[in-house]
Amino acid sequence: MKHFLTINDFTKDELLEILDIAIEVKNETKEGKYIHRMKDKSLAMIFEKSSTRTRVSFEVGMTQLGGHALFLSSNDTQLGRGEPLQDTARVISSMVDMVMIRTYRQDDLNKFASFSKVPVINGLTDEFHPVQLMADYMTMIEFGKSNNPKVAYIGDGNNMAHSWLMLCSKLGFELRIATPKGYEVDRDILNIAKENAKLSGAKIITSNDPKEAVKNVDVVTTDTWASMGQENEKIKREKDFQGYEVDTNLMNLARKDAIFLHCLPAYRGQEVSDNVIESKQSVVFEEAQNRLHAQKGIMIWLDRQR
Ligand code: CP
Ligand code: NVA
């Protein structure tokens, strides 16, 4: 049995296999075919943080696969009242076929998985957002940006930056990360990515220079400056991130045919300007829709490993 906790747990071949399934089910869905590959199976979705895309895509994805998804907000379960994670994990996983969790600490997710009898999927932690990266790479494939791409990530060294590090270092492409001073990526995660890169041939460049980072890249991406749980740092971060907005000037330094990705929710006038997110180069809504298909790919793949 496999879990989907971080991209680092997968080989390049496994990641591409999952994406092949995702592309196949997307094509079927576009033709109106819903093949019930997970008929009568149940997915528990535990949310300790807010969500629009993750909730809708997992729930609809499971329905399209012939299964059922349960939305469990931690406020409404005994988890919110202090029932230990290991008890919750054993109880829930004895009744459902798969679990998705969105929480704060990756350690809590790992602990849940270690007590779970069924595959567990990371629906975002403070450290990683791996399901998002599968949708992002699927979007890159669709827009012809998967052949030795150069990707620039501009902004906070957060869960999205960490997940880009894992993806590039497994697949072997070039990633340039530009963060303000004091908001760099986690050193341990960077070291894991650098180790992976020795095998995959990936190139990783970190800096505090957004202009240099976007020069001639194929993909420009960013994320919110204040992630969930950092709401009280919003004002300080807005000051510290000056010069890191992906606006037309910055975008013009990338290749003419570069695409713009953003996991959403986006904050216009902060990490991205309105005219960039609304431009022809922006494929953020295709990217968001790919969450549905990429995650069906992940669930089908995990179900087959059992
Ligand atoms: N990108 C993403 O995970 O969005 P939600 O927070 O809306 O789920
Ligand atoms: N970095 C953001 C991503 C939201 C999908 C957060 O963790 O809030």
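Taking each residue of segment 241-262 that is part of a loop (DSSP other than H, G, I, E, B) and looking for partners that are of a type in the set (Phe, Trp, Tyr) and buried (at least 21 other Cβ atoms within 10 Å of the Cβ) with beta-carbon atoms closer than 9 Å, six or more apart or interchain, yields Phe241/Trp225; Tyr244/Trp225; Ala254/Phe260. Within the bounds of segment 28-37, is there any residue that is surrounded by 21 or more Cβ atoms within 10 Å (Cβ to Cβ) and under 18 Å from Gly66 (Cα atoms)? Looking for residues that are surrounded by 21 or more Cβ atoms within 10 Å (Cβ to Cβ) and under 18 Å from Gly66 (Cα atoms), one finds none in segment 28-37, hence no.
On the given criteria, is Ser93 surrounded by fewer than 21 Cβ atoms within 10 Å (Cβ to Cβ), touching a helix residue (DSSP H, G or I) at 6+ places or on another chain (Cβ under 9 Å) and among the small types (Gly, Ala, Ser)? Here the answer is yes, as Ser93 does meet what is asked. The residues in segment 69-117 that are touching a Gly at 6+ places or on another chain (Cβ under 9 Å), free of Cβ contacts under 8 Å to residues at least 40 places away in the same chain and not hydrophobic (A, V, I, L, M, F, W, C) can be counted, and the count is 2. Could you grab me the full set of residues in segment 210-235 that are away from ligand 1 (no atom under 13 Å from the Cβ) and part of a loop (DSSP other than H, G, I, E, B)? If the condition is that a residue be away from ligand 1 (no atom under 13 Å from the Cβ) and part of a loop (DSSP other than H, G, I, E, B), then Lys215, Asn216, Val217, Asp218, Trp225, Ala226, Gln230 are the ones that fit.
Within segment 44-60, the residues that satisfy the criterion of being in a helix (DSSP H, G or I) and under 16 Å from the mean Cα position of the chain (by Cα) are Arg53, Thr54, Arg55, Val56, Ser57, Phe58.
Candidates Thr179, Thr221: the one that is touching an Asp or Glu at 6+ places or on another chain (Cβ under 7 Å) and either within 24 Å of Val283 (Cα to Cα) or not aliphatic (A, V, I, L, M) (or both) is Thr179. Of all residues in segment 218-239, those being surrounded by fewer than 22 Cβ atoms within 10 Å (Cβ to Cβ) and either under 20 Å from Ser146 (Cβ atoms) or in contact with a helix residue (DSSP H, G or I) (Cβ under 6 Å, 6 or more places away or on another chain) (or both) number 1.
The residues listed here are Thr103, Thr125, Thr139, Thr88; of these, the one that is farther than 22 Å from Gly229 by Cβ, touching a Leu at 6+ places or on another chain (Cβ under 9 Å) and polar (S, T, N, Q) is Thr139. Which residues, counting only those in segment 135-148, are within 8 Å of the chain's Cα centre (by Cα) and either surrounded by fewer than 24 Cβ atoms within 10 Å (Cβ to Cβ) or within 18 Å of Ala69 (Cβ to Cβ) (or both)? Answer for segment 135-148, where residues must be within 8 Å of the chain's Cα centre (by Cα) and either surrounded by fewer than 24 Cβ atoms within 10 Å (Cβ to Cβ) or within 18 Å of Ala69 (Cβ to Cβ) (or both): just Ala135. If the condition is being among the hydrophobic types (A, V, I, L, M, F, W, C), in contact (Cβ under 8 Å) with a residue 40 or more places away in the chain and either assigned to a loop (DSSP other than H, G, I, E, B) or over 20 Å from Phe4 (Cα atoms) (or both), then segment 18-43 contributes only Met38.
Among the residues making up segment 54-84, those that are within 16 Å of ligand 2 (Cβ to nearest atom) and under 16 Å from Val25 (Cβ atoms) are Ser57, Phe58. Out of everything in segment 263-298 that is assigned to a loop (DSSP other than H, G, I, E, B) and within 12 Å of ligand 1 (Cβ to nearest atom), what residue ends up being nearest to Asn122 (Cα to Cα)? Per the criteria, the residue is Cys263. The condition (being surrounded by 19 or more Cβ atoms within 10 Å (Cβ to Cβ) and over 15 Å from Gly297 (Cα atoms)) is satisfied by just one residue among Leu79, Leu70: Leu79. Based on what the data block shows, is Leu190 surrounded by fewer than 13 Cβ atoms within 10 Å (Cβ to Cβ) and farther than 10 Å from Ala152 by Cα? It is false that Leu190 is surrounded by fewer than 13 Cβ atoms within 10 Å (Cβ to Cβ) and farther than 10 Å from Ala152 by Cα.
Computed from the coordinates by the stated procedures, all read-outs in this text should not be read as laboratory data. On a predicted model such as this, the values are computed, not experimentally measured, just so you know. All Cβ positions, even for glycine, are placed from backbone atoms using ideal geometry, and neighbour counts span all protein chains on display.
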